[in-house]
1. Calculate one ³J(HN,Hα) per residue across segment 41-49 by plugging θ = phi - 60° into the Karplus curve 6.51 cos²θ - 1.76 cosθ + 1.60, and present them in order as whole Hz with x for glycine and proline.
2. Tally the DSSP beta bridges in the chain and give the antiparallel ones as a percent, rounded to 5.
3. Short version: what are the Cα gyration tensor semi-axes of the chain, square root of 5 times each eigenvalue, largest first, in whole Å?
4. If amide H atoms are built 1.01 Å from N in the plane of the peptide, which residues on other chains or at least 5 residues away come under 5 Å of the amide H of residue 29?
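Since every read-out is calculated from the coordinates, none of them should be taken as a lab result. Keep in mind the model is a prediction, meaning the values are calculated, not measured.
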Amino acid sequence: LRYGVVVVLGHPHYYPKFGFTPSKPHGIEWEHEVPEDVFMVKELQPGALAQTRGVVKYRPEFNEV
C-alpha cells in the first residue's frame, strides 16, 4: 500500500520485538498524552522516518467508546 511508517499504541515490552521503537525521538507524537514508551513507530519503507514528523491523530471513530 506504499505506507512508509506504521504506529502503534501498545505494551512497551511486546512491540519492540517486532521492530517498533518509541516514536518521540523520531519527531512523531500522538494527539493524546501517554507515556513515551507506549506510542511506537516502525519504518516500513527505508528512509521513511527521516521524512516523517508531526502529530498522529486517529480517526474520530476511535473516540466512540
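1. 9, 9, 7, 9, 10, x, x, 5, 5
2. Just about 70 percent of them are antiparallel.
3. Details: eigenvalues 67, 45, 28 Å².
Square roots of five times the eigenvalues give 18, 15, 12 Å.
4. For residue 29, whose amide H was placed from the backbone, the distant partners under 5 Å are 54, 55, 56.
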